[in-house]
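**Q** Dropping the structure in here first, questions after.
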Amino acid sequence: MIYIAYLAMQDVHIMSGRVGNTPANRDCSAEWGPDGRCALQLLRPFFWLGNETLKVPVALFALNRRRLCERLRQNKDVQKNSIVLLQGGEETQRYCTDTGIVFRQESYFHWTFGVTEAGCFGAVDVDTGRSILFVPQLPESYAVWMGKIHPPEFFKNKYAVDEAHYVTEISSVLASKKPAVLLTLRGVNTDSGNVSKEASFEGISQFNVNNTILHPEIAECRVIKTDMELEVLRYTNKISSEAHKEVMKAVKVGMKEYELESLFQHYCYTRGGMRHTSYTCICGSGENSSVLHYGHAGAPNDKTIEDGDLCLFDMGGEYYCYGSDITCTFPANGKFTAEQRAVYEAVLKASRAVMEAVKPGVAWPDMHRLADRVHLEELTRIGILKGNVDDMVKVHLGAIFMPHGLGHLLGIDVHDVGGYPEGVRRAEEPGLRSLRTARRLQPGMVLTIEPGIYFIQHLLQQALHDPAQACFINSDLLQRFRAVGGVRIEDDIVVTATGMELLTCVPRTVEEIEAFMAEGQSSAKSFDCLSSQKK
């Protein structure tokens, strides 16, 4: 919910968005007296779901709009008196029925306006930065079935925009601004291959429209997070990390995978106000831990967890459209086998090597190559592989054990935009071609670091039938490790001026995991970030 409050002649205390009786963490426009009283206070609007959830100022989106305008003004192809026009998401139903699907805002529109309602448009004057929100004019029946109908002025205050009108007025309002051009959003998402929905309304044909300039500029703005955005991402990681730890404490042999998915979602929603997850939860146990995108409708986290299974749980909560993406791998019975431990520590070593190397200017494909090399070195040390690691790299053997990319940009979308801007090419080699970005790192980028080693039967059989790769594989020892399934360790990080900040806080070493699970089975002891996780 977005809160706007006018307080007159009363004591106020704003802590985590609550109103109390002492003047601390004030978010108001007037000066405070020594007794904590003020004549008239206007609290800036913020999104907040109560209890201990995060208060997010809508100033976050005003800053995003300002950044976008500044960037567009630097573009020589943008004319004076240009107006950005975006169309928000629309309500959808389940196929041909009238059963509504819970609405989640279109990501570019959310980044620009922070609006939670469906059916809106938004405009921004590039020269002045002035913002206009267009909201649906709802039928009277809405008041019966859905609740109170608010006028445009309500939304103007709620989202701190300069103007608000009905969608039906969009043509006349924009015409009164006499724009030289409307900049609409059209471009390809490099992860999905889908094209963003371009704003369209009755009467748009009377305007000069450009649909090529905006997409690369706004996508580039989304790549670098502001301090306010980082606070939201820290929060999503905090709640999601705690939810993962609740799962680790609760898991027991004989449970269904979906029971742990349910527990994760329950914690994120009850404690974090997260109605949505960032993606479909992946809760693979045993051989399912080697299925990279397990949890889909054909394999809905429905296996019974067995003694000796390794659990690979990849889940992330979303708050106010900002996401998280965390994977924890742990033994269902609380104790790693020798084989599980060997593979887990190989992946952890790769994760730590990448974290040590991350800094501005580093090319992300080089980080993938680093993780790949550590995996090959460790698999050779274990004995699964034999021979020269450099020769293994030449035949892309690492992609047999880690076919996905090392990580991706994260933000309002779990696979966030901007991975392949103009001039950044996707590699063609196995493994590297799965990278969702090949950029050089910059401060303010948020990414996942998610190395993994998997024993995927299909890929292993391919390698064993390829003489160029089979010569490096100890097939007898490999057989012992096939039952491990897969290990992935995924953390969310922010690139800083000198290195990185780790956002995720969960047990990571074998010793931490086993100790935490042992304690968790008998108590609700909390887990603080250990020294092994701090950087």
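The values are calculated or read from the model by the stated rules, or taken from the named source; none is laboratory data. The structure displayed is predicted, hence computed values, not measured ones. Cβ sites come from the backbone with ideal geometry, for glycine too, and all protein chains shown count toward neighbours. Heads up: the accessible areas ignore ligands, DNA and RNA and are worked out on the full protein's heavy atoms, side chains in. Shrake-Rupley method; radii C 1.70, N 1.55, O 1.52, S 1.80 Å.
**Q** Among I282, N81, S324, which residue has its Cα furthest toward the positive end of the charge dipole of the chain, with +1 on Lys/Arg Cβ and -1 on Asp/Glu Cβ?
**A** Going by the charge dipole, the pick is N81.
**Q** Between rounded, prolate and oblate, where does the stretch 276-391 land on the alpha carbon gyration tensor, with a ≥ b ≥ c its root eigenvalues, rounded for a/c under 1.5, else prolate if a/b exceeds b/c?
**A** Oblate, since a/c reaches 1.5 and b/c is not below a/b.
**Q** Please give every one of the aspartates and glutamates within straight-line cross-link reach of K80, meaning a C-alpha to C-alpha distance under 12 Å, and leave out same-chain neighbours fewer than 8 residues apart.
**A** Answer for K80, where 12 Å is the Cα cut-off: D125, D127, listed by chain and number.
**Q** Determine the per residue accessible area of the chain with all protein chains present and a 1.4 angstrom probe, expressed in square angstrom.
**A** Heavy-atom accessible area per residue stands at 44 Å².
**Q** Something else now. Considering amide H positions built from the backbone, and no H for Pro or chain starts, which residues 5 or more places from A164, or on another chain, come under 5 Å of its amide H?
**A** L133
**Q** While we're looking at this one, here's another question. Considering the options V167, I400, M255, tell which one lies farthest towards the positive end of the dipole of the chain, charges being +1 on Lys and Arg and -1 on Asp and Glu at the Cβ, about the Cα centre.
**A** Ranked along the dipole, the leading option is V167.
**Q** Looking at the stretch 321-384, which trypsin sites (Lys or Arg not before Pro) are in a loop (DSSP not H, G, I, E or B) and have at most 16 other Cβ atoms within 10 Å?
**A** Of the trypsin sites (Lys or Arg not before Pro), the ones in loops of the stretch 321-384 whose Cβ has at most 16 other Cβ atoms within 10 Å are K335.
**Q** Using a cut-off of 15 Å between beta-carbons, work out the net charge of the residues near D302 (Lys and Arg +1, Asp and Glu -1, D302 not included).
**A** Local net charge: -4.
**Q** With the Cα gyration tensor of the stretch 227-525 giving a ≥ b ≥ c as the square roots of its eigenvalues, does the rule (a/c under 1.5 for rounded; else a/b larger than b/c for prolate; else oblate) give rounded, prolate or oblate?
**A** Taking the square roots of the gyration eigenvalues as a ≥ b ≥ c, the stretch 227-525 is oblate.
**Q** Report, in debye and to the nearest 20, how large the dipole of the chain comes out about its Cα centre when Lys and Arg carry +1 and Asp and Glu carry -1 on their Cβ.
**A** With only Lys, Arg, Asp and Glu charged at Cβ, the dipole is about 880 debye.
**Q** Only four residue types carry charge here, +1 at the Cβ of Lys and Arg and -1 at the Cβ of Asp and Glu. Report the dipole size of the stretch 384-510 about the Cα centre in Debye, rounded to the nearest 20.
**A** 200 debye
**Q** First check a/c for the stretch 46-223, with a ≥ b ≥ c the square roots of the eigenvalues of its C-alpha gyration tensor; if it is under 1.5, answer rounded, and if not, answer prolate when a/b is larger than b/c or oblate otherwise.
**A** Taking the square roots of the gyration eigenvalues as a ≥ b ≥ c, the stretch 46-223 is rounded.
**Q** For K252, go through the lysines and keep the ones whose alpha-carbon is under 22 Å away, minus same-chain ones fewer than eight residues off.
**A** By straight Cα distance, K252 reaches K303, K335, K525.
**Q** Report the Cα centroid-to-centroid distance between the stretch 397-443 and the stretch 261-302 in angstrom, as an integer.
**A** 23 Å
**Q** Moving on to the next point. Loop-only trypsin sites (Lys or Arg not before Pro) in the stretch 208-306, please: DSSP not H, G, I, E or B, and at most 16 other Cβ atoms within 10 Å.
**A** Here the trypsin sites (Lys or Arg not before Pro) that fit, given the DSSP loop and packing criteria, are K252, R275.
**Q** So, one more: Rounded to the nearest 500, what is the 222 nm mean residue ellipticity of the chain from helices alone, with -39500 (n - 2.57) per DSSP H run of 4+ residues and division by all residues?
**A** That comes out to -9500 deg cm²/dmol.
**Q** If you don't mind, another one. Give K156/K177; K148/K238; K55/K158; K55/K349 a once-over and call out the pairs whose C-alpha atoms are over 25 Å from each other.
**A** K148/K238; K55/K349
**Q** How do S205, S351, S434 stack up against each other in accessible area, from largest to smallest, with a 1.4 angstrom probe?
**A** S205, S434, S351
**Q** Which residue, Y420, L409, G431, has the largest displacement toward the positive end of the dipole of the stretch 402-496 when charges sit on each Cβ (Lys, Arg +1; Asp, Glu -1)?
**A** Checked the options; the winner is G431.
**Q** A follow-up question, please. Aspartates and glutamates near K256 by alpha-carbon distance under 19 Å, same-chain residues fewer than 8 away left out - which ones?
**A** Within the straight-line limit of under 19 Å, K256 reaches these aspartates and glutamates: E246, E287, D302, E306, D307, D309, D314.
**Q** Hey, another quick one. Ordering W364, W48 from largest to smallest accessible area (1.4 angstrom probe), what's the sequence?
**A** W48, W364
**Q** With charges only on Cβ, +1 for K and R and -1 for D and E, what is the dipole size of the stretch 227-525 about its Cα centre, in debye, rounded to 20?
**A** Approximately 220 debye in magnitude.
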